[in-house]
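See structure below.
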Amino acid sequence: MSVLELDRVSYAYPGAATPALRDVSLRLEPGEFVLLAGGSGSGKSTLLRAASGLVPHFHGGTFTGTLRCAGLDTRQHGPADLAAVAGTLFQDPETQVVMHTVRAELSFPLENRGWSAAATARGVEEVALALGLGGLLDRVAYELSGGELQRVALAAALAGRPKLLLLDEPTSQLDPVAGDELLGVLRRVNEEWGTAIVLAEHRLERCLPATDRVVRLDGGAVSFDGTPEAYLHARPDTPVAELFARLERPERPVSVKAARAALAPELARLAPPEAAELPRRRRRRERGAAVEARGAWRELPGGRAVLRGVSLALAPGETVALMGRNGAGKSTLLRLLAGLDEPTRGSVRAAGRVALLVQHPGDCFLGERVGDDVPGGRAGVLADRHPRDLSGGERQRLALEIVLGAGDPPAVLCLDEPTRGTDAAHKAALARRLRAVAAGGTAVLVATHDAEFAAALAQRTILLGDGRPVADAPTAEVLGGGWYFATQVARVLAGAGPALDAAEGAALLAAAAREEVAT
């Protein structure tokens with residue numbers, strides 16, 4: 001029996017002018033690992049909502065066709081029935097975590113299914129071990145970072161060993177190590193438990209090596225269904241695939257390992273990392289700081305220090321990426337700079353308004369119409385949509401307009417994981433938008449796990465570790481030669497030169513080839 005079967009499924013949200021899904025037919029067999037690709041608003045989240053029964057039982061709207069999840073017809077079975085066979089993680093994990101502690105959250109779905117106390121305790125320990133949550137089991141849920149919440153919500157979805165996992169951007173708030181570990185866990189669950197997985201993601205370079213099949217949606221319809229290699233030949237949608245396309249090479253490697261093997265002779269020509277010279281950028285300080293922290297600490301009531309003596313300054317018009325592992329203090333630092341939290345020691349001073357776009361863009365919407373909250377008619381065709389019916393990327397983009405407001409620009413704009421749920425085209429548009437904001441004199445600080453976005457936007461990168469900056473330098477220096485805090489192209493080139501993206505990488509390899517010919 002197929003674990004998921006869609007037969008000519010179409011769906012439109014209430015009041016929507018166009019359908020979110022159009023005549024979709026798919027079949028997923030037990031043990032398959034499928035990457036669901038497509039641009040923001042292409043229908044990925046809607047397809048997952050349909051598979052879990054939220055469409056149409058919760059969202060309403062118009063649904064046609066047939067969808068069976070593990071043999072259950074979603075027209076006769078709602079989300080409660082389907083939860084027994086399909087674990088689900090959506091883009092907003094904070095809305096899925098409902099219990100006070102992590103242990104209670106992981107126990108809750110097992111107790112609801114009638115598991116004994118011993119079986120529940122074993123299930124909690126196993127899933128906590130698999131996802132590295134042992135140290136969080138007795139933590140209060142609302143004190144966790146966004147990435148930690150994401151892992152907890154995934155653990156709750158996995159705890160009952162469902163036949164099918166439906167995952168919407170499961171690595172979007174995870175640091176590079178946690179993201180890789182999560183994909184390893186998913187692959188192991190897929191191979192050893194036989195759990196079928198449908199994973200919707202925009203950062204294809206991170207997920208493609210783990211998957212067997214790619215299904216792409218465009219405008220709510222299936223536009224591609226095939227292997228990862230065939231997908232990259234049709235669409236070079238990863239930095240490495242773009243690098244090979246620019247080099248006019250026929251290969252489309254799925255992984256960094258495969259790319260390095262294909263480029264071995266070319267890589268041998270490059271200077272070793274220690275001989276490569278990185279450009280230095282002068283930081284603009286002549287007009288004084290837009291915001292400055294001096295010896296800032298942030299300690300929780302129990303005594304745990306989240307930030308430890310942070311000192312940093314942002315100049316007007318500067319673009320800065322803030323990176324670091326989950327729990328390093330990135331979100332807390334943004335809240336401190338924005339004045340939402342006070343330092344327990346030290347000080348924070350700003351030259352004007354500090355605007356903050358938080359991790360959960362849904363918090364910015366108060367009305368039932370998007371147009372009620374987004375100023376100046378900037379909502380466009382989405383003005384009459386309900387915020388809950390938007391994709392994660394659409395919510396993120398419109399929330400930025402709310403935060404910027406219709407008045408004078410802020411002195412500082414802070415953004416917390418703004419590329420969550422955002423495709424490559426919209427990330428590029430966001431980078432252009434933020435550079436335009438910075439050109440007007442606003443300092444821009446972006447907390448992100450997305451090294452590709454940091455490289456495209458930021459002049460400077462600050463790496464937090466254990467509540468304090470451990471690196472603060474030009475972006476090419478921080479992201480150019482690492483294993484985890486590095487772009488995909490930089491990992492292929494092993495840091496030989498300041499090449500962070502496909503264009504820079506192709507130029508570096510071409511220059512090395514010309515130099516060899518000349519000598």
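The values are calculated or read from the model by the stated rules, or taken from the named source; none is laboratory data. Keep in mind it's a predicted model, so treat the numbers as computed, not measured. Here Cβ is always computed from backbone atoms with ideal geometry, including for glycine, and neighbour counts include all displayed protein chains. In case anyone asks, the SASA skips ligands and DNA or RNA and just uses the protein heavy atoms, side chains included. Shrake-Rupley method; radii C 1.70, N 1.55, O 1.52, S 1.80 Å.
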From the options 481, 497, residue that is open to solvent by 30 Å² or more (accessible area, probe 1.4 Å), out of contact with any Lys or Arg (no Cβ under 6 Å at 6 or more places or on another chain) and touching a residue at least 40 places away in the same chain (Cβ under 8 Å):
481
Tally, over the stretch 116-148, of residues that are under 28 Å from residue 192 (Cβ atoms), of a type outside the set (Asp, Glu) and without any contact (Cβ under 8 Å) to a residue 24 or more places away in the chain
10
Across the stretch 104-118, what is the total count of residues that are closer than 16 Å to residue 149 by Cα and of a type in the set (D, E, K, R)?
1
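Tell me which residues, restricted to the stretch 402-414, are surrounded by fewer than 20 Cβ atoms within 10 Å (Cβ to Cβ) and assigned to a helix (DSSP H, G or I). Before the answer, list the steps.
Applying the first criterion (surrounded by fewer than 20 Cβ atoms within 10 Å (Cβ to Cβ)) to the stretch 402-414 yields 403-409, 411.
If the condition is that a residue be surrounded by fewer than 20 Cβ atoms within 10 Å (Cβ to Cβ) and assigned to a helix (DSSP H, G or I), then 403, 404 are the ones that fit.
Among the residues of the stretch 415-425, is any part of a strand (DSSP E or B), aliphatic (A, V, I, L, M) and farther than 17 Å from residue 44 by Cα? Show your work before the answer.
Filtering the stretch 415-425 for residues part of a strand (DSSP E or B) gives 415-416.
Subset that is aliphatic (A, V, I, L, M): 415.
From what is left, the residues that are farther than 17 Å from residue 44 by Cα are 415.
Yes; the residues of the stretch 415-425 include at least one that is part of a strand (DSSP E or B), aliphatic (A, V, I, L, M) and farther than 17 Å from residue 44 by Cα.
Here is a list: 446, 412. Which entry is aliphatic (A, V, I, L, M), farther than 22 Å from residue 261 by Cβ and in contact with a Phe, Trp or Tyr (Cβ under 8 Å, 6 or more places away or on another chain)? Walk me through it before giving the result.
Values: 412 fails: in contact with a Phe, Trp or Tyr (Cβ under 8 Å, 6 or more places away or on another chain).
Of 446, 412, the one residue that is aliphatic (A, V, I, L, M), farther than 22 Å from residue 261 by Cβ and in contact with a Phe, Trp or Tyr (Cβ under 8 Å, 6 or more places away or on another chain) is 446.
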Per the list (1) open to solvent by 30 Å² or more (accessible area, probe 1.4 Å); (2) under 19 Å from the mean Cα position of the chain (by Cα); (3) among the aliphatic types (A, V, I, L, M); (4) at pLDDT below 85, residue check on residue 381 breaks on (2)
Return yes when residue 471 is touching a strand residue (DSSP E or B) at 6+ places or on another chain (Cβ under 7 Å), over 20 Å from residue 238 (Cα atoms) and without any contact (Cβ under 8 Å) to a residue 12 or more places away in the chain and no when it is not.
yes
Can you name every residue in the stretch 148-190 that is under 22 Å from residue 390 (Cα atoms), among the small types (Gly, Ala, Ser) and in contact with a helix residue (DSSP H, G or I) (Cβ under 6 Å, 6 or more places away or on another chain)?
153
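Here is a yes/no grid of residues against (1) open to solvent by 30 Å² or more (accessible area, probe 1.4 Å); (2) modelled with pLDDT under 95; (3) more than 14 Å from residue 359 (Cβ to Cβ):
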residue	(1), (2), (3)
307	no, no, yes
310	no, no, yes
315	no, no, yes
318	no, no, yes
321	no, no, yes
331	yes, yes, no
349	yes, no, yes
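I need the strands (runs of 3 or more DSSP E) fully contained in the stretch 1-106, keeping only those with at least 2 residues that are open to solvent by 30 Å² or more (accessible area, probe 1.4 Å). Lay out the reasoning, then the answer.
Details: elements: 4-12, 21-28, 33-37, 62-69, 86-89.
In the stretch 1-106, the matching strands (runs of 3 or more DSSP E) lie at 4-12, 21-28, 62-69.
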